[in-house]
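Remarks on the structure that follows.
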Amino acid sequence: PLVESGGGLVQAGGSLRLSCTATGGTFSSYAMAWFRQAPGKEREFVAAITRRSNLYYPDSVKGRFTISRDNAKNTVYLQMNSPKPEDTAVYYCAAATTGLADTALAGYDYWGQGTQVTVSS
């Protein structure tokens, strides 16, 4: 299972770091990603890191969000800098046993329960 933490309320222009810890499995061989889902919208890709630490971002967060991983702690992070109100959503981490990054939900085998991030203006 994957367990997210670190969500909460943050002011626009501030910063917030999300964490996702995996238990079981071979974390270092997985690609890890973050997705988000705002009310009434589909879940969307936010960031991914492959088993070789290649990074992928959509244009909407590029330059503001940073994904990283610590294999010794079985943890992936999402550093959110300069968040905007439109970043408000439930954030989910996901694991792909293929080790390959994918922007599509179907590319991932395991999901966390989600953590709420609210950005105030």
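The values are calculated or read from the model by the stated rules, or taken from the named source; none is laboratory data. Here the structure is a predicted model, which is why all the values come from computation and not from measurement. Counting neighbours? That spans all protein chains shown, and the Cβs are built from the backbone with ideal geometry, glycine included. All accessible areas refer to the heavy atoms of the entire protein, side chains included, with ligands and DNA or RNA removed. Shrake-Rupley method; radii C 1.70, N 1.55, O 1.52, S 1.80 Å.
Bridging of LYS62 to aspartates and glutamates at a Cα separation below 18 Å is possible for GLU44, GLU86, ASP87, ASP102, once same-chain residues fewer than 8 apart are set aside. Packing here is the average count of other Cβ atoms within 10 Å per residue, and on that basis the peptides 38-44, 112-118, highest first, run 112-118, 38-44.
Could you work out the relative contact order of segment 43-103? I mean the mean sequence separation of Cα pairs under 8 Å and 6+ apart, divided by the number of residues, in percent. Write down the numbers at each step before the final one.
Numbers: 57 pairs, mean separation 19.9, N = 61.
It comes to 33 percent, rounded to a whole number.
Computed with a 1.4 Å probe on the full set of protein chains, the accessible area for SER53 sits at about 60 Å². Shape class of segment 60-107 from the alpha-carbon gyration tensor: oblate, with a/c at 1.5 or above and b/c at least as large as a/b.
State the percentage of accessible surface on the chain attributable to carbon and sulfur atoms; use a 1.4 Å probe and exclude ligands, DNA and RNA. Don't skip to the answer; put the middle values down first.
Details: 2940 of 6030 Å².
With neighbouring chains kept in place, the figure for the chain is 49 percent.
For the chain, what is one quarter of the convex hull surface built on the Cα atoms, given in nm²?
Here the figure is 6.6 nm², rounded to one decimal.
Taking every alpha-carbon pair under 8 Å whose residues sit at least 6 apart, the chain reaches a relative contact order of 37 percent.
Using the heavy atoms of the protein chains and a 1.4 angstrom probe, tell me the accessible area per residue for the chain in square angstrom.
Details: 6030 Å² over 121 residues.
Solvent-accessible surface per residue comes out at 50 Å².
Residue order by solvent-accessible surface for TRP34, TRP111 is TRP111, TRP34, largest first, with ligands and nucleic acids left out and a 1.4 Å probe.
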